[in-house]
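> The structure under discussion is supplied below as C-alpha coordinates; questions concerning it will follow.
The values are calculated or read from the model by the stated rules, or taken from the named source; none is laboratory data. Because the structure is predicted, anything quoted here is derived from the model rather than measured. Cβ sites come from the backbone with ideal geometry, for glycine too, and all protein chains shown count toward neighbours. Note: accessible area is taken over every heavy atom of the protein model, side chains too, but ligands, DNA and RNA are not part of it. Shrake-Rupley method; radii C 1.70, N 1.55, O 1.52, S 1.80 Å.
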Amino acid sequence: DEVGRGSLVGPVCAAAVIFKKKIKKKRLKDSKKISKKRREILEKYIKDKSDWGIGLASTKEIEKLNILNATMLAMKRAIKNLKIKPGLVMIDGNKVPNMKNYKLKFIIKGDQKIAEISAASIIAKVTRDKLIEKISKKFSGYSWEKNLGYCTKDHLKALKRLGPTIHHRKKFKPVHYILRLK
(Lines give C-alpha, C1' and ligand atoms only; values in the text may rest on other atoms or scores of the structure.)
Protein backbone atom coordinates (compact mmCIF):
# COMPACT_ATOMS: atom_id res chain seq x y z
CA ASP A 1 0.00 0.00 0.00
CA GLU A 2 3.03 2.28 0.11
CA VAL A 3 2.95 4.81 -2.71
CA GLY A 4 6.32 6.55 -2.49
CA ARG A 5 9.60 6.21 -0.70
CA GLY A 6 10.20 7.97 2.56
CA SER A 7 8.18 9.58 5.24
CA LEU A 8 6.02 12.64 4.76
CA VAL A 9 6.01 13.37 8.47
CA GLY A 10 8.18 14.07 11.44
CA PRO A 11 11.81 14.03 12.41
CA VAL A 12 14.63 11.93 11.08
CA CYS A 13 16.06 9.73 13.81
CA ALA A 14 19.52 8.19 14.11
CA ALA A 15 21.06 6.05 16.81
CA ALA A 16 24.57 5.02 17.76
CA VAL A 17 25.47 1.85 19.68
CA ILE A 18 28.57 0.53 21.42
CA PHE A 19 28.13 -2.94 22.92
CA LYS A 20 29.27 -3.12 26.56
CA LYS A 21 28.13 -6.67 27.26
CA LYS A 22 28.18 -9.85 25.22
CA ILE A 23 25.27 -9.82 22.82
CA LYS A 24 23.73 -12.51 20.60
CA LYS A 25 24.53 -10.88 17.28
CA LYS A 26 22.51 -13.39 15.26
CA ARG A 27 19.36 -11.87 16.78
CA LEU A 28 20.11 -8.55 15.10
CA LYS A 29 18.99 -7.86 11.55
CA ASP A 30 18.10 -4.93 9.36
CA SER A 31 15.30 -3.13 11.25
CA LYS A 32 13.11 -3.08 8.12
CA LYS A 33 13.13 -6.89 8.02
CA ILE A 34 11.88 -7.36 11.60
CA SER A 35 8.29 -7.06 12.84
CA LYS A 36 7.34 -4.10 15.02
CA LYS A 37 6.86 -6.32 18.07
CA ARG A 38 10.25 -8.01 17.54
CA ARG A 39 11.98 -4.61 17.11
CA GLU A 40 10.53 -3.42 20.41
CA ILE A 41 11.79 -6.54 22.23
CA LEU A 42 15.22 -6.20 20.62
CA GLU A 43 15.39 -2.50 21.45
CA LYS A 44 15.15 -3.26 25.18
CA TYR A 45 17.71 -6.06 24.85
CA ILE A 46 20.14 -3.80 22.95
CA LYS A 47 19.76 -0.87 25.35
CA ASP A 48 20.44 -3.17 28.30
CA LYS A 49 23.70 -4.40 26.79
CA SER A 50 25.13 -1.23 25.26
CA ASP A 51 25.97 2.43 25.45
CA TRP A 52 23.55 4.07 23.04
CA GLY A 53 22.70 7.55 21.86
CA ILE A 54 19.78 8.99 19.93
CA GLY A 55 19.90 11.94 17.56
CA LEU A 56 16.97 13.70 15.97
CA ALA A 57 16.64 16.34 13.29
CA SER A 58 13.28 18.10 13.34
CA THR A 59 10.89 18.64 10.47
CA LYS A 60 12.03 22.29 10.38
CA GLU A 61 15.66 21.19 10.14
CA ILE A 62 14.79 18.78 7.31
CA GLU A 63 13.06 21.61 5.45
CA LYS A 64 16.00 23.96 5.98
CA LEU A 65 18.90 21.54 5.36
CA ASN A 66 17.34 18.82 3.11
CA ILE A 67 16.88 15.21 4.17
CA LEU A 68 20.48 14.12 3.59
CA ASN A 69 22.02 16.94 5.63
CA ALA A 70 19.36 16.55 8.34
CA THR A 71 20.22 12.83 8.50
CA MET A 72 23.91 13.69 8.90
CA LEU A 73 22.96 16.12 11.70
CA ALA A 74 20.91 13.44 13.46
CA MET A 75 23.88 11.04 13.16
CA LYS A 76 26.24 13.61 14.71
CA ARG A 77 23.83 14.12 17.59
CA ALA A 78 23.48 10.37 18.16
CA ILE A 79 27.27 9.88 18.21
CA LYS A 80 27.76 12.83 20.55
CA ASN A 81 25.05 11.44 22.86
CA LEU A 82 27.12 8.32 23.55
CA LYS A 83 28.73 8.28 27.00
CA ILE A 84 31.78 6.51 25.57
CA LYS A 85 33.68 8.10 22.67
CA PRO A 86 34.03 5.43 19.96
CA GLY A 87 37.41 4.60 18.44
CA LEU A 88 35.76 4.00 15.07
CA VAL A 89 32.28 5.00 13.97
CA MET A 90 30.81 2.72 11.30
CA ILE A 91 27.91 4.26 9.41
CA ASP A 92 25.33 2.58 7.22
CA GLY A 93 25.32 4.00 3.70
CA ASN A 94 27.77 5.74 1.45
CA LYS A 95 28.37 9.01 3.31
CA VAL A 96 29.54 10.05 6.76
CA PRO A 97 28.83 13.23 8.70
CA ASN A 98 31.60 15.78 8.98
CA MET A 99 32.94 15.32 12.53
CA LYS A 100 36.34 16.43 13.74
CA ASN A 101 38.20 14.16 16.16
CA TYR A 102 36.21 11.07 15.13
CA LYS A 103 37.32 8.26 12.86
CA LEU A 104 34.36 7.53 10.56
CA LYS A 105 33.82 4.82 7.97
CA PHE A 106 30.77 4.21 5.79
CA ILE A 107 29.61 0.69 5.04
CA ILE A 108 27.11 0.12 2.25
CA LYS A 109 24.29 -2.12 3.56
CA GLY A 110 25.98 -1.92 6.95
CA ASP A 111 22.72 -2.73 8.73
CA GLN A 112 22.92 -6.17 7.09
CA LYS A 113 26.63 -6.72 7.84
CA ILE A 114 27.56 -5.09 11.17
CA ALA A 115 25.71 -5.98 14.38
CA GLU A 116 26.25 -2.55 15.94
CA ILE A 117 24.75 -0.85 12.89
CA SER A 118 21.78 -3.26 12.95
CA ALA A 119 21.31 -2.51 16.64
CA ALA A 120 21.42 1.24 16.01
CA SER A 121 18.89 0.95 13.18
CA ILE A 122 16.52 -0.97 15.48
CA ILE A 123 16.75 1.66 18.23
CA ALA A 124 16.30 4.50 15.71
CA LYS A 125 13.26 2.85 14.08
CA VAL A 126 11.53 2.12 17.40
CA THR A 127 12.24 5.65 18.65
CA ARG A 128 10.87 7.28 15.50
CA ASP A 129 7.81 5.01 15.40
CA LYS A 130 6.98 5.96 19.01
CA LEU A 131 7.35 9.66 18.17
CA ILE A 132 5.02 9.35 15.17
CA GLU A 133 2.47 7.38 17.23
CA LYS A 134 2.56 10.15 19.85
CA ILE A 135 2.06 12.83 17.19
CA SER A 136 -0.81 10.81 15.66
CA LYS A 137 -2.81 11.21 18.89
CA LYS A 138 -2.75 14.99 18.41
CA PHE A 139 -3.43 14.87 14.67
CA SER A 140 -6.03 12.19 14.04
CA GLY A 141 -7.31 11.42 10.58
CA TYR A 142 -3.97 10.71 8.90
CA SER A 143 -3.72 7.10 10.17
CA TRP A 144 -0.13 7.69 11.35
CA GLU A 145 -0.59 5.02 13.98
CA LYS A 146 -0.84 2.59 11.04
CA ASN A 147 1.35 4.14 8.31
CA LEU A 148 3.86 5.84 10.66
CA GLY A 149 3.92 8.89 8.41
CA TYR A 150 4.93 7.04 5.26
CA CYS A 151 3.43 7.83 1.89
CA THR A 152 0.49 5.45 1.63
CA LYS A 153 -2.71 5.86 -0.37
CA ASP A 154 -4.70 6.49 2.84
CA HIS A 155 -2.21 9.08 4.05
CA LEU A 156 -2.35 10.95 0.72
CA LYS A 157 -6.17 10.92 0.79
CA ALA A 158 -6.12 12.36 4.32
CA LEU A 159 -3.53 14.94 3.32
CA LYS A 160 -5.72 16.11 0.43
CA ARG A 161 -8.79 16.19 2.69
CA LEU A 162 -7.25 17.72 5.85
CA GLY A 163 -4.19 19.53 4.51
CA PRO A 164 -0.67 19.33 5.94
CA THR A 165 0.20 19.71 9.61
CA ILE A 166 3.26 21.32 11.18
CA HIS A 167 4.80 17.84 11.14
CA HIS A 168 4.51 17.31 7.38
CA ARG A 169 7.69 17.74 5.34
CA LYS A 170 6.44 20.44 3.01
CA LYS A 171 9.29 20.09 0.49
CA PHE A 172 8.59 16.36 0.02
CA LYS A 173 6.96 16.10 -3.44
CA PRO A 174 3.51 14.71 -2.46
CA VAL A 175 3.07 17.35 0.26
CA HIS A 176 4.51 20.14 -1.90
CA TYR A 177 2.15 19.18 -4.75
CA ILE A 178 -0.93 19.21 -2.48
CA LEU A 179 0.09 22.61 -1.08
CA ARG A 180 0.31 23.98 -4.64
CA LEU A 181 -3.26 22.80 -5.34
CA LYS A 182 -4.73 24.65 -2.35
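> Under a Cβ-only charge scheme (Lys and Arg +1, Asp and Glu -1), can you give me the dipole magnitude of the chain about the Cα centre, in debye to the nearest 20?
Here the chain has a charge dipole of around 300 debye.
> Next question, about the same structure. Heavy atoms only, probe 1.4 Å: what % of the accessible area of the chain goes to carbon and sulfur, would you let me know?
Answer for the chain: carbon and sulfur cover 54 percent of the accessible area.
> Further, regarding this structure: What does the charge count around Gly55 come to, taking other residues whose C-beta lies under 10 Å from its C-beta (Lys +1, Arg +1, Asp -1, Glu -1)?
+3
> So what is the orientation-averaged projected area of the chain, using the convex hull of its C-alpha atoms, in nm²?
10.5 nm²
> Could you check what % of the DSSP bridge pairs in region 1-113 are antiparallel, to the nearest 5?
65 percent
> Can I ask one more? Looking at region 1-94, which trypsin sites (Lys or Arg not before Pro) are in a loop (DSSP not H, G, I, E or B) and have at most 16 other Cβ atoms within 10 Å?
Within region 1-94, the qualifying trypsin sites (Lys or Arg not before Pro) (loop, at most 16 other Cβ atoms within 10 Å) are Lys20, Lys21, Lys22, Lys24, Lys49, Lys83.
> Another question, then. So how compact is region 31-120: Cα radius of gyration and Dmax in angstrom?
13.6, 37
> Continuing with the same structure: How big is the C-alpha Rg of region 86-136 next to the rule-of-thumb value 2.2 N^0.38 Å, as a ratio?
So the Cα radius of gyration is 1.34 times the expected 2.2 N^0.38 Å.
> Please compute the per residue accessible area over region 69-182 with all protein chains in place, 1.4 Å probe, rounded to a whole number of Å².
I get 59 Å² per residue for this part.
> In whole percent, what relative contact order does region 1-114 give with Cα contacts below 8 Å and a gap of six or more residues?
28 percent
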